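Reviewing the structure listed below.
The values are calculated or read from the model by the stated rules, or taken from the named source; none is laboratory data. Keep in mind it's a predicted model, so treat the numbers as computed, not measured. Because the Cβ atoms are built from the backbone with ideal geometry, glycine has one as well, and the counts that use them run over all protein chains shown.
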Amino acid sequence: MYNNKKKKEKDDRFSDKKVYGITRMFLRLIKKTFKYAPIGLTMLFIVSFLQGFGGGFTAKVQQYFYDRVEMLYNNEIVIGDALSALVLFGLFGLAIQLTNSFVNLYFSVFMDRVSGINQREINMKLSRLSPILFEDTGMLDDMEKASQGMYASVYFALIIVLIIALYIPCIIVMGWYLFSLKPLLAISIVVVFIPVMLSQILKTKVYTKVEDKSAPKRREMGYYESCCSSRNLFKETRILGAFGYFHKLYKDCLRSVQQISWKANIKTGHMDLGMNLVSLTGYLFILYITFTATMNGEISIGAFVAVINSIGSLFGLMNELICSHFNNISKDLGKVRNYIRLLEFEEHGGTQTDIGDNFDIVLDNVSFRYPAGKSKEENDAEPENPTYAVKNVSLTIKNGETIAIVGENGSGKSTLVRLLTGMYKPVEGDVYLGSHNTKNLSLKSAFAKTSGVFQKYQRYQMTLSDNISISMIDKKPDKEILDEVSIMASVDVDDRSFPQGYDTMLSREFDGVDLSGGQWQCVAIARGFYRDHRLIVLDEPTAAIDPLEERNIYDRFAKISRDKTAVIVTHRLGSVKLADRIVMMEKGAIVGCGSHNELYAECTQYAKLWDSQAESYK
């Protein structure tokens with residue numbers, strides 16, 4: 001039952017058949033844009049409409065002026081009438097230029113503003129997704145695609161606004177003018193541009209496939225680039241002589257992306273060439289119709305000049321619309337779809353509630369496995385007997401109890417912690433924080449009273465004070481608490497490593513200092529202690545600290561966590577005796593639970609692990 005449900009969820013997320021039509025995408029994006037910038041969007045629409053409507057009347061104004069010049073030449077009017085027509089023609093042209101300048105400037109400014117809004121929205125969206133999605137390679141590919149579509153979606157929405165407000169009114173008015181002179185002129189223009197429109201539809205499909213193929217390669221390429229040049233990785237890469245290896249992998253990925261793009265450009269280039277030849281033929285045909293109509297006296301000389309100018313403008317306008325804007329939309333449509341898909345991903349959800357300060361943690365026959373596969377095909381081909389990271393685990397942690405979870409690498413320790421904190425939802429069984437099932441809790445509620453220190457901690461390029469107090473970002477740093485947790489975590493603020501004390505910038509890139517791995521880990525421990533909590537998780541927090549200092553930190557931690565629930569995860573057993581109970585894990589299952597003496601006597605796996613480490617210490 002579970003396998004079928006998971007398969008359906010993956011199908012829904014990764015299926016290329018899920019339809020996101022242009023109309024649906026536009027309405028989704030324009031609604032969001034209007035929500036955040038209603039005045040700006042309304043102003044852009046109104047000014048664009050005035051420019052488009054006025055641009056469509058340009059030919060009529062031109063004809064009026066040229067007809068007056070011809071009438072003046074034939075002495076049918078006085079020079080004052082011709083000058084009045086000239087002033088009208090000039091003022092009309094000036095108004096068109098002013099609105100055009102405003103639209104171009106405001107469009108660019110508005111693009112930047114809405115792009116910033118989109119960046120914030122996508123970050124907030126990612127924060128509301130279930131953390132397990134970040135273990136899914138398919139999801140990571142989707143995130144890469146969405147980041148590419150974030151800016152493209154702004155362009156997509158605003159260009160369609162311009163098409164509706166500017167291009168369509170201009171083309172309709174100009175088409176009406178040409179139709180009033182000679183219907184065949186307007187009909188010919190429509191017929192000429194039908195093949196061009198069809199080519200853009202075909203190009204949309206080409207570029208959508210390009211985006212789907214390129215996104216995983218770009219993500220892979222970004223990783224290889226970081227191995228070659230990022231501050232955290234390049235030292236090891238170069239010392240071990242692996243720079244050339246990663247550089248070759250980077251170039252191979254870059255070459256693959258370029259080949260995908262090159263093939264698409266060749267294919268679309270052939271389409272453009274064919275359609276441009278059709279347009280050129282149609283343009284020459286329309287000029288011939290205009291010339292013969294003038295020679296036959298069907299239209300005036302002024303109308304002839306105006307038509308020649310207007311047809312050139314109309315072709316330029318439609319070329320800009322189809323070959324530029326539609327072409328860019330065709331290229332970016334796949335990116336926009338991916339951006340909207342991410343915004344519409346199902347969020348973690350759950351009820352926002354206060355779980356209280358005193359609660360037991362109960363795991364009832366809990367099983368969990370990570371997303372499998374790196375592609376849609378692999379995700380579809382789910383194994384009949386999937387590998388579980390945690391299998392059939394039942395455990396109760398009493399409020400105020402200290403539990404140590406031990407086991408070899410890959411035994412399921414860290415996964416079990418993510419389940420009991422509510423970060424991951426079990427695929428089978430239930431986890432309760434007090435009386436609340438984590439399947440029904442929001443992440444904010446589950447984490448509200450929880451703190452943690454992890455082996456893979458963050459090295460924030462900020463001051464020492466900010467690095468510690470960021471775990472309680474909504475409150476001003478408290479000097480007394482900073483001193484207390486710094487002592488607990490063995491952070492010596494008076495050491496010369498911190499020349500400005502808590503104001504020391506921990507980053508050489510910003511004229512500060514750098515710390516050793518052990519010092520950084522102590523700062524991370526202080527950060528976890530600083531957060532107001534009822535449950536604290538220490539997941540391999542002292543891996544970079546020597547055993548003697550590790551024992552000192554655990555002893556100090558034991559004193560201040562007597563009335564709080566603590567979970568210690570480690571594969572080093574030297575400090576687990578401070579725990580009320582020790583949980584021994586192997587291959588995702590609990591194989592022993594009790595005190596050190598009980599486990600050593602009754603659990604062969606624990607005794608073997610203890611003896612092997614004790615022998616190393618001797």
Residues within segment 40-70 that are surrounded by fewer than 22 Cβ atoms within 10 Å (Cβ to Cβ) and under 35 Å from the mean Cα position of the chain (by Cα), tallied: 8
Qualifying residue in segment 14-22 (condition: part of a helix (DSSP H, G or I) and modelled with pLDDT under 50): yes
Residue match in segment 315-328 (condition: surrounded by 14 or more Cβ atoms within 10 Å (Cβ to Cβ), farther than 30 Å from Val61 by Cα and within 25 Å of the chain's Cα centre (by Cα)): yes
Test result for Lys475, farther than 16 Å from Ile355 by Cα and assigned to a loop (DSSP other than H, G, I, E, B): yes
Count of segment 374-392 residues which are surrounded by fewer than 17 Cβ atoms within 10 Å (Cβ to Cβ) and either modelled with pLDDT of 85 or more or not basic (Lys, Arg) (or both): 12
Long-range neighbours under 6 Å by Cβ, at least six apart or interchain, first residue within 23 Å of Leu140 (Cα to Cα) and part of a helix (DSSP H, G or I) within segment 201-213, second of a type outside the set (S, T, N, Q) and modelled with pLDDT under 75: Tyr207/Lys331
Failed item, numbered, when Gly410 is tested on (1) part of a loop (DSSP other than H, G, I, E, B); (2) among the small types (Gly, Ala, Ser); (3) in contact with a Ser or Thr (Cβ under 7 Å, 6 or more places away or on another chain): (3)
Restricting segment 575-592 to residues that are surrounded by fewer than 17 Cβ atoms within 10 Å (Cβ to Cβ) and of a type outside the set (Asp, Glu), the residue that is nearest to Leu419 (Cα to Cα): Ala589
Any hit, segment 69-84, residues being touching a residue at least 60 places away in the same chain (Cβ under 8 Å) and assigned to a helix (DSSP H, G or I): yes
Residues of segment 593-608 satisfying the condition of being out of contact with any strand residue (DSSP E or B) (no Cβ under 7 Å at 6 or more places or on another chain) and surrounded by 14 or more Cβ atoms within 10 Å (Cβ to Cβ): Glu598, Tyr600, Ala607
Residue that is surrounded by the most Cβ atoms within 10 Å (Cβ to Cβ) [pool: residues in segment 98-135 that are of a type in the set (Gly, Ala, Ser) and out of contact with any Phe, Trp or Tyr (no Cβ under 7 Å at 6 or more places or on another chain)]: Ser130
Test: residue in segment 232-253 that is assigned to a helix (DSSP H, G or I), within 17 Å of Gly334 (Cα to Cα), touching a Lys or Arg at 6+ places or on another chain (Cβ under 8 Å) and at pLDDT 85 or above: no
Residue in segment 119-139 that is of a type in the set (S, T, N, Q) and at pLDDT 85 or above present: no
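Okay, residues lined up against (1) within 22 Å of Ile132 (Cβ to Cβ); (2) in contact with a Ser or Thr (Cβ under 8 Å, 6 or more places away or on another chain); (3) part of a strand (DSSP E or B):
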| position | (1), (2), (3) |
| --- | --- |
| Tyr424 | yes, yes, no |
| Ser445 | yes, yes, no |
| Lys456 | yes, no, no |
| Asn467 | no, no, no |
Single residue of Ile340, Ile355 found to be touching a residue at least 60 places away in the same chain (Cβ under 8 Å) and either surrounded by fewer than 19 Cβ atoms within 10 Å (Cβ to Cβ) or part of a helix (DSSP H, G or I) (or both): Ile340
Looking only at segment 295-314, and only at residues there that are surrounded by 15 or more Cβ atoms within 10 Å (Cβ to Cβ) and free of Cβ contacts under 8 Å to residues at least 40 places away in the same chain, the one that is farthest from Gly54 (Cα to Cα): Phe304
Residues satisfying the stated conditions in segment 478-518, i.e. of a type outside the set (S, T, N, Q), in a helix (DSSP H, G or I) and either touching an Asp or Glu at 6+ places or on another chain (Cβ under 6 Å) or under 24 Å from Asp555 (Cα atoms) (or both): Lys479, Glu480, Ile481, Leu482, Asp483, Glu484, Val485, Ile487, Met488, Arg508, Gly517, Gly518
